[in-house]
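One structure is given here, and the rest of the page talks about it.
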Amino acid sequence: MKLLVVDDNQAEQRLLLGMIEKAGLGDVLYTESLEQAYALLGLDGKVGDSDIGVVLLDITALGDEGIAACCRIKAEPCLEDVLVLVIAAQSDTAVLPAVFAAGASDFIPRPCCQEELQARGRMAVDLIQTEVVVLGAGPG
């Protein structure tokens, strides 16, 4: 299972990568734009990476476009089981209703601490892995 981080700030990308790697949450893919993320997810009409199970989507700079991206990801039938964790500046908590209405599984305020990101990331990875086991279980 892979995590896709969508963040246009390279310094923040490096920080998140360090936290994710330290937590051992899985393989990480990074993009700096929604267009790159859509390509990796197969939302550009081409074949995407079917191993992506969690998307960490920073909407700080994207605003409504980031919320629309969450909607777009969750509306795609082949991506409906992908968990979207939205990251935004702590002052952006007014967007919480829209974020969850768009289908986000969680909201992580920035700046986030190592422990919080690891705990929320671990929960998301465990949920995805549990679903795979349950869905893959045969009669019995």
Heavy-atom accessible surface of the chain: percent carbon and sulfur, 1.4 Å: 55
³J(HN,Hα), Karplus 6.51/-1.76/1.60, whole Hz, each residue of the range 93-99, x for Gly, Pro: 5, 5, 7, 3, x, 5, 4
Test item: Cα-centred dipole of the chain, Lys/Arg +1 and Asp/Glu -1 on Cβ, debye: 220
Most positive-pole-ward Cα, Gly63, Pro97, Ala37, against dipole of the range 34-122 from beta carbon charges: Pro97
³J(HN,Hα), Karplus 6.51/-1.76/1.60, whole Hz, each residue of the range 105-121, x for Gly, Pro: 8, 7, 10, 10, x, 9, x, 9, 8, 3, 5, 5, 4, 4, 5, 5, x
Centroid-to-centroid separation of the range 103-126 and the range 11-25 [C-alpha atoms, Å]: 12
Radius of gyration, Dmax [the chain; alpha carbons; angstrom]: 14.4, 50
Rotationally averaged projected area of the range 16-69 (alpha carbon convex hull; nm²): 4.1
Theoretical gain in end-to-end length, Ala119 to Phe100 [0.36 nm per residue, Cα-Cα removed]: 4.9 nm
In the range 1-35, the GluC sites (Glu not before Pro) that fall in loop regions by DSSP, at most 16 other Cβ within 10 Å: Glu32
Per-residue ³J(HN,Hα) for the range 65-73, Karplus 6.51 cos²θ - 1.76 cosθ + 1.60, θ = phi - 60°, Hz, x for Gly and Pro: 5, x, 5, 4, 5, 4, 4, 5, 4
Solvent-accessible area per residue, Å², over the chain with all protein chains present [probe radius 1.4 Å]: 52
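Just to be sure I understand: of the beta bridges DSSP finds with both ends in the chain, what percent are antiparallel, rounded to 5? Could you put the intermediate results ahead of the total?
Details: 0 of 20 bridges.
In the chain, DSSP labels about 0 percent of beta bridges as antiparallel.
The values are calculated or read from the model by the stated rules, or taken from the named source; none is laboratory data. Just so it is clear, the model here is predicted, and its values are computed rather than measured. Neighbour counts run over all protein chains shown; Cβ positions are idealised from the backbone, glycine included. Keep in mind that these areas ignore ligands, DNA and RNA; they rest on the heavy atoms of the full protein, side chains included. Shrake-Rupley method; radii C 1.70, N 1.55, O 1.52, S 1.80 Å.
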